[in-house]
Each structure stands twice: as C-alpha cells, then as structure tokens.
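**Student:** My structure is below; once you've seen it, I'll send some questions.
The values are calculated or read from the model by the stated rules, or taken from the named source; none is laboratory data. Keep in mind the model is a prediction, meaning the values are calculated, not measured. Positions of Cβ are generated from backbone atoms using ideal geometry, with glycine treated the same way; all protein chains shown enter the neighbour counts.
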Amino acid sequence: MKLIDYLNSIPIVDRESFATRCDTSFDYLRQVGYGNRPCREALAITLERESEGELVCEELCPDVDWAFIRGGGATPIERNRRASDEVPAPSRAGRQPASPKNIADTLPGSPMKQPP
C-alpha cells in the first residue's frame, strides 16, 4: 500500500497519535508520502510496525536490501563464493580439543592452572 493512501485512510482524530508513535509529525509523514522527503530506514521500520504490516519497508525504502536485513539474503562471503567452491565444514580450526586442563588454562586465576 502506498504511504499516502494509508495516511488518508487514518481517521482525522487518530492521525497525530499515529505520527507520535512513529516519532515524527503527521505533516512530515505526508511529505514522505508525496515523495517530497526521503523515507529513511528507521522510519520505514517504524511505519511497518505501527501500521501492523499494512505498510512494508520494501515499498517505503526500495533502495535498501531488506532481504539481507531480514535474514533471507546471502552474506558477502556467500555472495562471493562460486558454485564450484567447496563449502567449508564447521570446524575448530586452530583450536585445541577441549579437555579439563585446556579449559582451566583459559580461566584467569584458576586453581588448576599449571605453571609453564
């Protein structure tokens, strides 16, 4: 839904309350709705929350990679990985296997700490 359409659908007596919950003024929201002011990411998130999902961030700020922010996108490492690259298995590279002695060595002032 377009922001201006949503704003116009709010009863007049509830408009200032909605704007206050969005930490802005109703006049500013109208300016954003008409395209005279930019809709920043934080405002888009607040509008989606306060409209209970009738407004969505992807429509309010289309230049932002919302799929990545929402957790559905690839990380930079995954984007750079080729399909033929071997996917590294989770590992404990460079770490010693856990043992009571090794764990005690990591604790400051541990009574089990062995002298060098």
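**Student:** Tell me yes or no: at least one residue of the range 65-76 is modelled with pLDDT of 95 or more, surrounded by fewer than 16 Cβ atoms within 10 Å (Cβ to Cβ), in a loop (DSSP other than H, G, I, E, B) and not charged (D, E, K, R). Let's see the steps before the verdict.
**Tutor:** If we filter the range 65-76 for residues that are modelled with pLDDT of 95 or more, which is where we start, we get none.
There is no residue in the range 65-76 that is modelled with pLDDT of 95 or more, surrounded by fewer than 16 Cβ atoms within 10 Å (Cβ to Cβ), in a loop (DSSP other than H, G, I, E, B) and not charged (D, E, K, R).
**Student:** Could you check the range 34-50 and list, in sequence order, the residues that are in contact with a Cys (Cβ under 9 Å, 6 or more places away or on another chain) and farther than 17 Å from Ile69 by Cβ?
**Tutor:** Selection gives Pro38, Glu50.
**Student:** Across the range 1-16, what is the number of residues that are in a helix (DSSP H, G or I), among the hydrophobic types (A, V, I, L, M, F, W, C) and surrounded by 12 or more Cβ atoms within 10 Å (Cβ to Cβ)? Step through it out loud before you land on a result.
**Tutor:** Taking the range 1-16 and keeping what is in a helix (DSSP H, G or I), we get 3-9, 12-16.
Add one more test, that the residue is among the hydrophobic types (A, V, I, L, M, F, W, C), and what stays is 3-4, 7, 12-13.
Then drop every residue that is not surrounded by 12 or more Cβ atoms within 10 Å (Cβ to Cβ), which leaves 3-4, 7.
Number of matching residues: 3.
**Student:** Something else now. Got a number for residues in the range 52-64 being under 17 Å from Ala19 (Cα atoms) and either buried (at least 18 other Cβ atoms within 10 Å of the Cβ) or in contact with a Cys (Cβ under 6 Å, 6 or more places away or on another chain) (or both)?
**Tutor:** Taking the range 52-64 first, the residues under 17 Å from Ala19 (Cα atoms) are 52-57, 60.
This time we only want the ones that are either buried (at least 18 other Cβ atoms within 10 Å of the Cβ) or in contact with a Cys (Cβ under 6 Å, 6 or more places away or on another chain) (or both), so: 55, 57, 60.
Total satisfying the criteria: 3.
**Student:** Just to be sure I understand, how many residues within the range 6-43 are of a type outside the set (S, T, N, Q) and in contact (Cβ under 8 Å) with a residue 12 or more places away in the chain? Spell out the reasoning first.
**Tutor:** Of the residues in the range 6-43, the ones of a type outside the set (S, T, N, Q) are 6-7, 10-16, 18-19, 21-23, 26-30, 32-35, 37-43.
Next, only the ones that are in contact (Cβ under 8 Å) with a residue 12 or more places away in the chain stay: 6-7, 18, 21-23, 26, 29-30, 32-34, 39-41, 43.
Adding up the residues that qualify gives 16.
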